[in-house]
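**Student:** For reference, the structure I am asking about is given below.
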Amino acid sequence: MSDFSSGEIPGSITSVKGAGGLKKLRIETSRSCAELYLHGAHLTHFQKNGEAPLLFMSAESEFAPNFPIRGGVPLVFPWFGPREGLASHGFARVMDWTVKESAVLADGSVQLSLSLSPVESYEVELTVTVSDRLSMELAVKNISEHSLVFENCFHTYFHISDIHAISVCGLENVHYLDKLKGQEFLEASSSIHIHEEVDRVYWDTASTVEIKDPGLGRKIRVEKSGGASTVLWNPWIEKAKRMADFGDLEYLKMVCVESGNIGKNSVTLAAGDRVVLKTILSSETLAP
Ligand code: TA6
């Protein structure tokens, strides 16, 4: 258990000044390391010892109040996507969070709990557990006296060797909205290859998704519970150029596989109720 208000635990969690002067927690375990900014409770780095980073971070990311960090695991809450005059993907990722608890668990994992000061009708907590994998749980409690409808999502950016080399598996036979075409389709492929801009919301799926990356000789697993939607996104060439906080060629080195509840999978939460969206990110060697 931490004995510092900042959540610091000597040898496991260190509070440092990160990019833009923002407060960052550096997490170390015997099997991995990670970094988390209090701004947006944004996990920007996770890496297993001896392996490439699991998450992509843009070299052009902003690190400033009111700006989202580009890369890592942006927390999308309480809405997904743009909203006139408001922060895209909700306010959670551009607000400062507070460390509630931190601990080194019996198995050597390091766990951090953070909370967002009660905002509107919600009590929101994030629990991150770092070991040889990365577990994240976003808990939302309805503290109002009426039911609420919201969207939530871990908008995870994965580091890959080359967008042309990877395949995304686990979404076959799932219906999806192609946001670029504005149409719904049924996924026919058990192994999706990306050769253009892709921006799809897969509905009603609890499936584990795998990213097979021969270039890095690894397979990334994206497990989720409490979420019915999976988003697959790569901006490709033209959108990458339009994004000020994203390098023109960075689309080659990332893919987003996002886990949450979006659109018709939005969450309806009765007064006083609480729900948890969980994702577990892991990797293993890809057999040649
Ligand atoms: O999850 C895919 C998406 O909705 C894309 O449409 C793209 O806008 C991406 O999110 C990034 O959104 P952001 O607001 O972080 O620039």
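The values are calculated or read from the model by the stated rules, or taken from the named source; none is laboratory data. What you see is a predicted model; the values in this text were computed from it and never measured. Note: ideal-geometry Cβ built from the backbone for every residue, glycine included; neighbour counts use all protein chains shown.
**Student:** Being buried (at least 19 other Cβ atoms within 10 Å of the Cβ), under 19 Å from PHE46 (Cβ atoms) and within 16 Å of the ligand (Cβ to nearest atom) narrows it down to one residue among VAL99, VAL73; which is it?
**Tutor:** One residue alone meets the criteria, VAL73.
**Student:** So for segment 60-70 (the condition being among the β-branched types (Val, Ile, Thr), outside any loop (DSSP other than H, G, I, E, B) and crowded, with 19+ Cβ neighbours inside 10 Å), does at least one residue qualify?
**Tutor:** No, segment 60-70 has no match at all.
**Student:** Look at segment 71-110 and say how many of its residues are closer than 26 Å to SER61 by Cα and in a strand (DSSP E or B).
**Tutor:** 9
**Student:** Hey, among VAL94, VAL124, which residue is more than 22 Å from GLY11 (Cα to Cα) and touching a strand residue (DSSP E or B) at 6+ places or on another chain (Cβ under 6 Å)?
**Tutor:** Of the residues listed, the single one that is more than 22 Å from GLY11 (Cα to Cα) and touching a strand residue (DSSP E or B) at 6+ places or on another chain (Cβ under 6 Å) is VAL124.
**Student:** Test each condition in (1) in contact with a Ser or Thr (Cβ under 7 Å, 6 or more places away or on another chain); (2) part of a strand (DSSP E or B) for THR205 and report the one that comes out false.
**Tutor:** (2)
**Student:** Scan segment 38-54 residue by residue and report those that are touching a residue at least 40 places away in the same chain (Cβ under 8 Å) and away from the ligand (no atom under 13 Å from the Cβ).
**Tutor:** LEU38, HIS39, ALA41, LEU43, PHE46, LYS48, GLU51, ALA52, PRO53, LEU54
**Student:** Can I ask one more? Filter segment 223-240 down to residues that are more than 16 Å from the chain's Cα centre (by Cα), crowded, with 17+ Cβ neighbours inside 10 Å and more than 10 Å from the ligand (Cβ to nearest atom), then give me how many there are.
**Tutor:** Adding up the residues that qualify gives 2.
**Student:** Report the residue count in segment 55-68 for those that are within 11 Å of the ligand (Cβ to nearest atom) and either among the hydroxyl-bearing types (Ser, Thr, Tyr) or closer than 17 Å to ASN234 by Cα (or both).
**Tutor:** Residues flagged as within 11 Å of the ligand (Cβ to nearest atom) and either among the hydroxyl-bearing types (Ser, Thr, Tyr) or closer than 17 Å to ASN234 by Cα (or both) within segment 55-68 amount to 2.
**Student:** What are the pairs with Cβ atoms under 6 angstrom where one residue, in segment 251-268, is touching a residue at least 12 places away in the same chain (Cβ under 8 Å) and more than 15 Å from TYR202 (Cα to Cα) and the other, located anywhere, is assigned to a helix (DSSP H, G or I) and within 12 Å of the ligand (Cβ to nearest atom)? Sequence gap at least six, or different chains.
**Tutor:** If the second residue must be assigned to a helix (DSSP H, G or I) and within 12 Å of the ligand (Cβ to nearest atom), the pairs left are TYR251/TRP236; TYR251/ALA240.
**Student:** Same structure again: Across segment 241-262, which residue is surrounded by the fewest Cβ atoms within 10 Å (Cβ to Cβ) among those that are away from the ligand (no atom under 11 Å from the Cβ) and not in a strand (DSSP E or B)?
**Tutor:** Only one residue fits best here, namely LEU249.
**Student:** Out of all the residues in segment 77-86, which are more than 8 Å from the ligand (Cβ to nearest atom) and either aliphatic (A, V, I, L, M) or out of contact with any helix residue (DSSP H, G or I) (no Cβ under 8 Å at 6 or more places or on another chain) (or both)?
**Tutor:** TRP79, ARG83, GLU84, GLY85, LEU86
**Student:** Taking the options ILE220, ILE192, ILE163, name whichever one is more than 16 Å from the ligand (Cβ to nearest atom), at pLDDT 95 or above and surrounded by 14 or more Cβ atoms within 10 Å (Cβ to Cβ).
**Tutor:** One residue alone meets the criteria, ILE220.
**Student:** Considering only segment 162-219, state which residues are within 16 Å of TRP233 (Cα to Cα) and basic (Lys, Arg).
**Tutor:** LYS179, LYS181, ARG200, LYS212
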